[in-house]
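Step one of this worksheet: look at the structure below.
The values are calculated or read from the model by the stated rules, or taken from the named source; none is laboratory data. Keep in mind that this is a model prediction, so the values were computed, not measured. No Cβ is skipped: glycine too gets one built from the backbone with ideal geometry, and neighbour counts run over all protein chains shown.
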Amino acid sequence: MFCLNILGLKEAISTTFEEAGVEDWKEKMAAFGADGASVNLGKKAGIAALLKKDIPYLVDFHCLPHRLELALLELQSSYKSVEVVYNILHLIWKSYHYSPKSVRALKSIADELEINILKPMQVKGTRWLPHVSRALKVFVSHKSGTESESGQYAAMLMHMQDISVNCKNADIQGRARHVPQKMKDIHFAAFCHFLADFFAILSRLSLQMQQNDIILPSVVSHLKETLLRVESVARIPLSDGHLAKFWEKVEGTQTFQGVTLTGSIHGKVAKRGGSTSRSLQSEMETAASLTLQGLHNRFGVLLGTESQVGKSPSYDSTKVVSDMLVFNIDSWPTRPGDLLDFRSEEIMLLARRFQPILERAGCKISAIQDQWISLKVMVNGQFRKLDYGSLWEMLLAKVPYTDDFKDVLHLVELVLVLPISAAQCKRAVSAQN
């Protein structure tokens, strides 16, 4: 049945192209991008594997936002402190999602506190990573710029305490007792504020990866920036971040949004932008370390950190994508003399890999190497400061570049059309539901 479904999907792809008037689609297809489900990217019986029987040079690519989502799911499942926060947020969401009565009661409390309340958001599920960031921000938000010090955190805590006393449903009552206990703990509250800052960084990367015009070299730059931000935020809280503001409010009073928190904040370590307790500092560093490890595991090819031990000796999709990073000009040497032989071998490997489709497009394979050298020298000397989009748009559209580099630019086009994100497809499917 599984194989029949795969064959049916392959046939559906073929039919869709033919109905769109693209009957020679196999001759024009260079890559296949999808999420990591076995039905798509299974090595033996996935759609990509079946397509490669007809298109040997096809590159299969695992959607970048999906990879990021998986890396953070691993953080949640492997680190207890993060899992506890996820579970509390899920219990709170569950309390209001399935009970309009609870939503009305929460809004009534908010009216008494003179604050605007937001409905708690789901933190678990299959949606993109930014929904986790939004759920955390809603959880710790407060009303600023007014005399009222109360906020979302205090309102939900008060309502949960009320439910734990007055609710007649044993399951809901038990849940309502557990949640306030955690919310009143200063260590838990502080870690939630750290995660709000932490997931904002990762959410930004996810949104960048979901852009329709994202290209491979840009992704590498965004990834490297994110690695630096993740490492930094665990050591030095953001000066205007949620955690720094939290410490500012609880310092000396141990009160947050009018709620007296339990536990101790003694033994704090002073940091720029705020202070953190030693145990909290350890938790922050552990979360950052596991995240960095997950990012390197999922994006090692793009970051140049993936081990080749035990890898297939064949020139597979992973190595092809790695070689496509030769067009990341940030990695090029700046001295003209060093550019001559820089990544010449990778360029010819790519040319041989895609030789059938390149020749059908009129590309002269033997001319690529000389054009590659000239292209590197010219870009390094004149256009190094251009962003990737502007650089390749100019070279692919303007004379004399379209003539001088017409053969090597075919490889650039393959890099630019690589389907590195399936976010647009997922949004289209979601819109139909």
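General observations
- When residues of the stretch 366-422 are limited to those that are within 30 Å of A34 (Cβ to Cβ) and among the hydroxyl-bearing types (S, T, Y), the one surrounded by the most Cβ atoms within 10 Å (Cβ to Cβ): S421
- Helices (runs of 4 or more DSSP H) wholly inside the stretch 1-45 containing at least 2 residues that are modelled with pLDDT under 90 and under 31 Å from the mean Cα position of the chain (by Cα): 2-19, 38-41
- Restricting S279, S312 to those that are more than 30 Å from E251 (Cα to Cα), under 30 Å from the mean Cα position of the chain (by Cα) and modelled with pLDDT under 90 reduces the list to S312.
- Among residues of the stretch 100-113 that are of a type in the set (D, E, K, R), those with a Cβ under 8 angstrom from a residue that is at pLDDT below 90, sequence gap 6+ or separate chain, pair up as K107/I117.
- Annotation: of all residues in the stretch 27-43 being of a type outside the set (G, A, S) and under 15 Å from D60 (Cβ atoms), the one that is surrounded by the fewest Cβ atoms within 10 Å (Cβ to Cβ) is K43.
- Just so you know, in the stretch 354-400 the residues that are acidic (D, E) and either at pLDDT 95 or above or part of a helix (DSSP H, G or I) (or both) include one that is nearest to V220 (Cα to Cα), and it is E393.
- Any hit, the stretch 402-419, residues being aromatic (F, W, Y), assigned to a helix (DSSP H, G or I), touching a Leu at 6+ places or on another chain (Cβ under 6 Å) and without any contact (Cβ under 8 Å) to a residue 40 or more places away in the chain: no
- Filter result for S206 (modelled with pLDDT under 95 and under 26 Å from K426 (Cα atoms)): yes
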